[in-house]
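Throughout, read-outs are computed from the coordinates displayed, never taken from laboratory work. Predicted, not measured: the structure shown is a model, and the values here were computed from it. Quick reminder, even Gly has a Cβ in these numbers, built from the backbone with ideal geometry, and neighbours come from all protein chains shown.
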Amino acid sequence: MTTSIVWFRRDLRLSGNPAWADATANAEAVVPLFVVDPRLWDRASGPRRALLAGHLRALDRQLAERSGRLHVLGGDPAEIVPALAESTGADRVVVNGDVTPFARNRDREVAGGIDLTVHHGGLVHPPGSVRTADGDVYRVFTPFHRSWAATDPEPWPDGEGGASIHDDPGTGVPDEPEPPVVPGEEGAELRLGRFERHVDAYSEERDRPDLDVTSRLSIDLKWGTIGPRQVKERIGTATPGRAAFVRQLAWRDFYAHLMWDAPETIDRPLKPKYEAVRWVEDPDGLAAWREGATGYPLVDAGMRQLRREGWMHNRVRMVAASFLVKDLLVDWRHGERHFRHHLLDGDVASNVGNWQWVAGTGADAAPYFRVFNPVTQGRKFDPDGDYIRRWVPELADVRSPAIHAPWEAASEELRGVVLGEDYPAPIVDHAEARERALGAYRDALD
DNA sequence: TTTTGAGTTGTTCGA
DNA sequence: GTCGAACAACTCAAA
């Protein structure tokens with residue numbers, strides 16, 4: 001009897017999962033496995049753990065409907081996976097790969113002990129497959145996107161074969177509080193269904209954090225409770241809103257391709273000349289940023305939403321990231337780490353790529369002189385101040401536009417809010433901070 | 001082979 | 001109030 005292990009990592013679904021399809025079609029028996037790796041688990045935020053545990057329980061329930069169970073084992077995969085293969089008589093392990101240096105090292109170690117097949121169900125196109133005419137990795141998004149959209153998806157195993165599924169509950173799913181969002185494929189379907197009501201207006205509304213009309217599918221794509229090909233198929237490109245949304249999926253692939261080709265960019269600027277930027281050591285500024293106490297309401301609203309919800313609207317991510325890097329001149333790696341830790345959708349390749357974009361150090365980066373003005377951004381994209389009001393209740397009675405720059409407001413507009421007591425005074429002057437940042441970047445490039 | 005045009009997300013300044 | 005220019009430098013593809 002042939003037996004395969006399907007080792008789930010961040011592909012916590014059965015449908016549209018090439019590793020699952022491959023194993024169930026080509027072996028007589030399948031052992032579904034998740035390894036709780038302390039190197040990841042011990043560092044994860046509470047909400048991230050709760051979400052992962054919820055996903056695992058959901059996956060286990062799906063497997064139970066097929067008369068099997070998810071084996072959940074804690075420890076080092078390089079020991080656990082070959083040992084489980086030995087004890088179950090499995091001769092093959094099937095997975096979906098990931099592009100981070102950590103994941104690639106881990107998989108290399110495991111592959112030393114057993115036959116490992118790697119699919120790429122977490123991306124539309126496998127990493128490294130979309131290349132320029134010269135065979136180079138794309139460093140500009142638009143040509144990447146053109147090529148990405150024109151490439152036929154590589155065929156991969158689909159559906160579910162008839163293999164029997166091992167029934168051994170192992171050590172069980174870690175006991176965690178209720179997950180912060182509805183977990184599992186069911187949760188992904190719920191979010192996709194909800195988003196389908198907004199997708200046609202996506203081009204017009206996507207930048208409005210006050211409207212809450214984005215998909216939040218980044219969380220599902222991170223954990224693989226839905227795959228990007230499934231999302232792409234469902235949404236299609238029939239309207240400008242749909243095309244704009246599918247284009248966002250290409251960004252995930254773009255940054256994954258980049259990390260695959262240049263893994264060192266996980267903590268090094270893609271453009272080496274930016275190594276010379278002299279970042280500022282500013283523990284107080286960094287702490288104020290993390291806590292949402294910078295005195296800039298849009299930044300603070302976003303940073304508080306991140307801590308409370310494990311999520312932040314994309315427009316606000318850019319503004320908050322720009323504030324740390326440009327206004328405080330703090331090294332982007334500090335911000336990247338904080339986001340990655342708290343975001344339920346925290347994906348290394350996308351997070352690093354986007355932080356490098358903001359910092360101007362990355363591929364197709366924002367020019368360094370493009371500095372977001374947190375007040376202008378607030379007035380433009382949160383016109384009534386509703387988003388700020390939701391997350392910064394101290395300012396709940398302040399009307400727009402005063403709410404976007406309370407330090408400029410007349411005292412009667414502040415409705416009794418005392419700056420520096422009820423809500424922080426701005427920790428930097430944006431105009432001065434902007435000049436300082438431009439100077440620091442110019443110095444680095446000289 | 002060389003040249004040329006275009007390229008996610010912005011702001012400020014001066015006319 | 002609106003508009004265009006300036007703010008760099010490089011990648012990619014088409015001509």
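Where the centroid of each part is defined by its Cα atoms, how far is the stretch A:402-446 from the stretch A:247-282 in Å?
With the stretch A:402-446 and the stretch A:247-282 each reduced to a Cα centre, they are spaced 29 Å.
Under the rule a/c < 1.5 gives rounded, and otherwise a/b versus b/c splits prolate from oblate, where does the stretch A:118-227 land using the Cα gyration tensor? Intermediate values should be presented prior to the final figure.
Details: a/c = 2.24, a/b = 1.18, b/c = 1.90.
Oblate is the answer for the stretch A:118-227, as a/c is 1.5 or above yet b/c matches or exceeds a/b.
Long-range amide H contacts for A:Ile165: which residues qualify at under 5 Å (H placed 1.01 Å from N, peptide plane, sequence gap of 5 or more or a different chain)?
A:Val30
Which whole-number percentage describes the relative contact order of the stretch A:219-287, with Cα contacts under 8 Å and a sequence gap of 6 or more?
Reported relative contact order: 13 percent.
Which percentage, to the nearest 5, of the DSSP beta bridges contained in chain A is antiparallel? List each step's numbers first, then the result.
Numbers: 1 of 22 bridges.
That works out to approximately 5 percent antiparallel.
Considering only C-alpha atoms, what is the centroid distance from the stretch A:47-72 to the stretch A:165-237, in Å?
16
Given points 7 Å out from each Cα along the Cα-Cβ axis, report the A:Asp167 to A:Thr237 separation in nanometres with one decimal.
Output for this residue pair reads 4.7 nm.
Pull up the cross-link candidates among the lysines for A:Lys326, meaning alpha carbon to alpha carbon under 22 Å and not fewer than 8 places away within one chain.
By straight Cα distance, A:Lys326 reaches A:Lys271, A:Lys273, A:Lys380.
What percent of all Cα-Cα pairs in chain A falls into each 10 Å bin, going from 0 up to the bin containing the maximum distance?
Going from the shortest bin to the longest, the percentages are 4, 20, 29, 25, 15, 6, 2, 0.
Ranked highest first by the average count of other Cβ atoms within 10 Å around their residues, in what order do A:403-416, A:55-68 fall? Don't jump to the answer; show the numbers that get you there.
Values: A:403-416: 15.7, A:55-68: 18.3.
Most protected by this proxy first, the peptides run A:55-68, A:403-416.
If you take the square roots of the eigenvalues of the alpha-carbon gyration tensor of the stretch A:234-366 and sort them as a ≥ b ≥ c, do you get rounded (a/c under 1.5), prolate (a/b over b/c) or oblate?
It comes out oblate by the Cα gyration axes.
Over the stretch A:92-167, how many percent of alpha carbon pairs lie in each 5 Å bin up to the one with the longest distance?
Bins of 5 Å from zero give 3, 12, 18, 18, 18, 16, 9, 4, 2, 1 percent of pairs.
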